[in-house]
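Below: the structure, in structure tokens.
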Amino acid sequence: MADVEINISVMPSVLTVPITEGEVAPKGVKLDIEKPKSIDDLTRRMLTLDYDLGEMAISTFIDARNRGVRVVGLPIFTSGRRFLQAGFHFSKTSGLEDLSEIKGRNVGVPQYWMSSSVWQRSMLQHDYGVGATDVIWVSYQPERGDLKPPPGVELRFDQSGRDARDLLRASEIDVSLSTGGGPMGSLDDVARPVFADKAAAEREYFQRTGTFPILHVTVMKEDLAEKEPWIAGALCEMYQQAKSLAQSREEPHDSASPGSGETTNQMRAVMGDDPWAFGIGNNRKALDVLVQAAHEQGMTRRQFAVEELFARELPDRFR
């Protein structure tokens, strides 16, 4: 019997190197592997079903499921997991001291429906009593798909090409929300972090909620999952094998800001031996937060059951 050939696009991660280097592959499957330009580009291409398997921003994926796009998730999270406390900043001229004080203020986000924005709005609502309709939102990157804000939410899209730093400098936003990484990781010239001790804030959040936020998810074409129901499990096992191989090579280290897929001594001390666990059950708390937030914030018509997001045929350890 000939192997099933699939084309996949894999985000670079410590946990995916064994796949992209050809060290592991699922039995009965021939992989045509492509490196994506970015998670934004790959997310948009999965919306148009350009690949059999790839990664998506998880908020866009939930919206896609809500709209009936023929993609289905695998509970594999190899990149795009991070605590988001480092992404909260106050303008130095705002006079703000606490997130509970931001009602009526202008809040900047890259995209309103960006996964980090969905997470951070949930935190604002449930931890600080600030709902989406309590502030004025300013976004500065085009949304993916045809997503619009829900009724009652005031959102202005800044089309000038400026980023959060520019908007803060111009006093057009009082608060900036972002992932806290990459070029937006430091806003010291125009803003100050809401959480002065980022590591302590992340630790408190995890100890209180048991949640390691998920920003990306592995997805595949739903038609493929239905035509070859065994293949979802085979792909999950491939990712598990790749993760085990990658982690067996990992040297213990003490960085407070690990890269995608790394596990530091600090993470282990707070989160246990496998912060990057795969499977629905192992990530139930984070997934529950996401489906609740998507519905509360007006992205989905109803609140999904977590299992509705994922392929039906999965090995027990990934359920």
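Points to keep in mind about this one:
- From I62, I8, I19, I58, residue being of a type outside the set (G, A, S), crowded, with 23+ Cβ neighbours inside 10 Å and under 20 Å from A234 (Cβ atoms): I19
- Taking first residues from the range 199-226 that are without any contact (Cβ under 8 Å) to a residue 60 or more places away in the chain and partners that are part of a helix (DSSP H, G or I), no Cβ contact under 8 Å between residues at least 6 apart in sequence or on separate chains turns up.
- Among the residues of the range 89-104, the ones that are in contact with a helix residue (DSSP H, G or I) (Cβ under 7 Å, 6 or more places away or on another chain) and either part of a strand (DSSP E or B) or closer than 21 Å to Q159 by Cα (or both) come to 1 in all.
- In the range 114-144, the qualifying residues are those that are small (G, A, S) and out of contact with any His (no Cβ under 8 Å at 6 or more places or on another chain), and the one that is surrounded by the fewest Cβ atoms within 10 Å (Cβ to Cβ) is G129.
- In the condition set (1) surrounded by 21 or more Cβ atoms within 10 Å (Cβ to Cβ); (2) modelled with pLDDT of 95 or more; (3) assigned by TED's automatic domain parsing to the domain that holds G104, S171 is compliant with all but (1).
- Taking the range 68-90 as the range and being surrounded by 21 or more Cβ atoms within 10 Å (Cβ to Cβ), more than 15 Å from the chain's Cα centre (by Cα) and not aliphatic (A, V, I, L, M) as the test, the residues that pass are F88, H89, F90.
- Criterion: assigned by TED's automatic domain parsing to the domain that holds E250 and under 30 Å from E204 (Cα atoms) - qualifying residue of V14, V10, V72: V14
- Criterion (in contact with a helix residue (DSSP H, G or I) (Cβ under 6 Å, 6 or more places away or on another chain), closer than 24 Å to A286 by Cβ and in a strand (DSSP E or B)) met by exactly one of V107, V72: V72
- As for the range 145-165, it holds at least one residue that is under 22 Å from L215 (Cα atoms) and surrounded by 21 or more Cβ atoms within 10 Å (Cβ to Cβ).
- Of all residues in the range 127-166, those satisfying the criterion of being in contact (Cβ under 8 Å) with a residue 24 or more places away in the chain and either at positive phi or not assigned by TED's automatic domain parsing to the domain that holds Q111 (or both) are G129, G145.
- Among the residues making up the range 12-67, those that are in contact (Cβ under 8 Å) with a residue 40 or more places away in the chain, among the small types (G, A, S) and either touching a His at 6+ places or on another chain (Cβ under 7 Å) or not in a strand (DSSP E or B) (or both) are S13, A25, G28, A57, S59, A64.
The values are calculated or read from the model by the stated rules, or taken from the named source; none is laboratory data. Since the model is a prediction, treat every value here as computed from it, not as a measurement. Positions of Cβ are generated from backbone atoms using ideal geometry, with glycine treated the same way; all protein chains shown enter the neighbour counts.
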